[in-house]
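First comes the structure, then the notes that go with it.
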Amino acid sequence: MRLAQRLTLRQLRALVAVADSGSFTSAAHLLHVTQPAVSMQLKELEEIIGEVLVDGRRQVFLTAAGEILVRQARAVLDALELAEVQLKAQRDVPAGTIEVAAITTAEYFVPYLLAEFGQRFPDVGFRLTVANRETVHRMLREQRADIAITGEPPSGLPLRRIPFAPHPLSFVAAPDHPLAGRPRVTPSALAGERLLLREQGSGTRANLERFLRAHGVRAVRADEMGSNETLKQAAMAGMGIAFLSHQCFAMELAAGRLVRLNVIGTPVMREWNVLVHEGRPPTPALVALLDYFQDEGAERLRALTA
């Protein structure tokens, strides 16, 4: 009897779950079943195949036969998921997995927006990648993302841009900083301060450099940090002045751990955009997500910041 007539989807799912998680216990959690149930499915599968598929006890690993079967099992399960998506698409039901790329500053609100959207459309899942602007733009160029959430779009790409919310950026520092509380701080006053910078390739870094150039300010002292969280911690510790999106420091501002400096010309106003490649097929799930950002993104973001 051929394998296709003897194997079950439950057995294949159990094998893939063990391969992905590295243990029977973790696989059971993934599948929402008991560990003995996973062990039983694997034992039945090995009896059908006639070979050991998973070896080891505490740290399990796939045998050569297991590697072959897992590879094909993934293809079978992916094909069934795609068939489900296509069947639902015929009824205009949003379903499937959407690849989302977001710049690091957006990590403070994007998961919340996706979670709310997912509650409305439970058949839609996400794979979210958070990276700096340069990496997100590269993912768009290589079409490795269905949508990107970022500030300024890259040039030279056939993109549909949907602005969905304002994006203010300001200078912040510890409450005891000498410039804190001043009613007006001239941009030239920043030249003598230690500035905290994001890495090259970051949109926040690019916006800061654009502001300094526009006001003829050259930073004498600057420290480069690898993330918005590190910038905030450094600013709260009194290391210097950070330039950040308001979405990044709303909680610290409310708690009195940071203050926004009244630098003339700030906040710098930018836009949050959803970008999608013009060549992307307009699936029901993708259309629903774009409509959600366009119709409700600003309101949801305002509520989160508040």
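The values are calculated or read from the model by the stated rules, or taken from the named source; none is laboratory data. Just so it is clear, the model here is predicted, and its values are computed rather than measured. Cβ: placed from backbone, ideal geometry, glycine included. Neighbour counts: every protein chain shown. Remember, those area values only see protein heavy atoms, side chains included, never the ligands or the DNA or RNA. Shrake-Rupley method; radii C 1.70, N 1.55, O 1.52, S 1.80 Å.
Among the residues of segment 289-306, which ones are open to solvent by less than 60 Å² (accessible area, probe 1.4 Å) and within 17 Å of Ala148 (Cβ to Cβ)?
Applying the first criterion (open to solvent by less than 60 Å² (accessible area, probe 1.4 Å)) to segment 289-306 yields 289-290, 292-293, 296-298, 301, 305.
Those that are open to solvent by less than 60 Å² (accessible area, probe 1.4 Å) and within 17 Å of Ala148 (Cβ to Cβ): Leu289, Leu290, Tyr292, Phe293, Gly297, Leu301.
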Evaluate segment 217-228: report whether one residue or more is among the acidic types (Asp, Glu) and within 28 Å of Gly297 (Cβ to Cβ). no
Six or more apart or on different chains, Cβ under 7 Å: which pairs go from a residue in segment 4-17 that's more than 19 Å from Gly50 (Cβ to Cβ) to one that's in a helix (DSSP H, G or I) and open to solvent by 70 Å² or more (accessible area, probe 1.4 Å)? Could you list them? Val16/Arg74; Ala17/Leu30
Only one residue in Ala191, Ala250, Ala254 is out of contact with any helix residue (DSSP H, G or I) (no Cβ under 7 Å at 6 or more places or on another chain) and under 20 Å from Ala303 (Cα atoms). Which one? Ala254
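Output the helices (runs of 4 or more DSSP H) that fall wholly within segment 45-142 and possess 2 or more residues being touching a helix residue (DSSP H, G or I) at 6+ places or on another chain (Cβ under 9 Å) and modelled with pLDDT under 80, or say none.
On the way: elements: 64-90, 110-120, 133-141.
In segment 45-142, 64-90 are the helices (runs of 4 or more DSSP H) which contain 2 or more residues that are touching a helix residue (DSSP H, G or I) at 6+ places or on another chain (Cβ under 9 Å) and modelled with pLDDT under 80.
Right, Ser155: among the small types (Gly, Ala, Ser), out of contact with any helix residue (DSSP H, G or I) (no Cβ under 8 Å at 6 or more places or on another chain), over 20 Å from Tyr108 (Cα atoms) and free of Cβ contacts under 8 Å to residues at least 12 places away in the same chain or not?
Working: among the small types (Gly, Ala, Ser): yes; out of contact with any helix residue (DSSP H, G or I) (no Cβ under 8 Å at 6 or more places or on another chain): yes; over 20 Å from Tyr108 (Cα atoms): yes; free of Cβ contacts under 8 Å to residues at least 12 places away in the same chain: yes.
So Ser155 passes the test.
Hey, does segment 215-228 have a residue that's closer than 28 Å to Leu113 by Cβ, at pLDDT below 90 and not in a loop (DSSP other than H, G, I, E, B)? If you could, list the steps in order and put the result at the bottom.
Step one: list which residues in segment 215-228 are closer than 28 Å to Leu113 by Cβ, which gives 225-228.
Subset that is at pLDDT below 90: 225-228.
Narrowing further to those that are not in a loop (DSSP other than H, G, I, E, B): 228.
Yes, because at least one residue in segment 215-228 is closer than 28 Å to Leu113 by Cβ, at pLDDT below 90 and not in a loop (DSSP other than H, G, I, E, B).
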Got a number for residues in segment 45-56 being open to solvent by 60 Å² or more (accessible area, probe 1.4 Å) and over 13 Å from Leu69 (Cβ atoms)? 2
Please tell me if Arg257 is open to solvent by 50 Å² or more (accessible area, probe 1.4 Å) and within 30 Å of Gly96 (Cα to Cα). no
What are the pairs with Cβ atoms under 8 angstrom where one residue, in segment 109-134, is free of Cβ contacts under 8 Å to residues at least 12 places away in the same chain and the other, located anywhere, is open to solvent by 30 Å² or more (accessible area, probe 1.4 Å) and of a type outside the set (Lys, Arg)? Sequence gap at least six, or different chains. Gly118/Phe126
Among residues of segment 180-230, those that are surrounded by fewer than 19 Cβ atoms within 10 Å (Cβ to Cβ), farther than 19 Å from Glu271 by Cα and of a type in the set (Asp, Glu), counted: 4
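Taking segment 2-37 only, how many residues are of a type in the set (S, T, N, Q) and open to solvent by 90 Å² or more (accessible area, probe 1.4 Å)?
Filtering segment 2-37 down to residues of a type in the set (S, T, N, Q) leaves 5, 8, 11, 21, 23, 25-26, 34-35.
If we keep only those that are open to solvent by 90 Å² or more (accessible area, probe 1.4 Å) too, we end up with 5.
Total satisfying the criteria: 1.
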Cross-chain or 6+ apart pairs with Cβ under 8 Å, segment 246-265 first and free of Cβ contacts under 8 Å to residues at least 40 places away in the same chain and over 16 Å from Ser227 (Cα atoms), then hydroxyl-bearing (Ser, Thr, Tyr) and in a helix (DSSP H, G or I): none
Being outside any loop (DSSP other than H, G, I, E, B), within 34 Å of the chain's Cα centre (by Cα) and among the hydroxyl-bearing types (Ser, Thr, Tyr) is the filter here, so list the residues in segment 178-208 that pass it. Thr204
Among the residues in segment 170-190, are any among the hydroxyl-bearing types (Ser, Thr, Tyr), farther than 26 Å from Arg257 by Cα, touching a Lys or Arg at 6+ places or on another chain (Cβ under 8 Å) and at pLDDT 85 or above? no
Could you give me the residue pairs with C-beta distances under 9 Å whose first residue belongs to segment 27-54 and is more than 14 Å from Arg10 (Cβ to Cβ) and acidic (Asp, Glu), whose second residue is in a loop (DSSP other than H, G, I, E, B) and open to solvent by 60 Å² or more (accessible area, probe 1.4 Å) wherever it lies, and which are 6+ apart or on separate chains? Glu46/Val52
Quick one: Ser21 ticks every box in (1) farther than 19 Å from Thr63 by Cβ; (2) without any contact (Cβ under 8 Å) to a residue 60 or more places away in the chain bar one, so which box is it? (1)
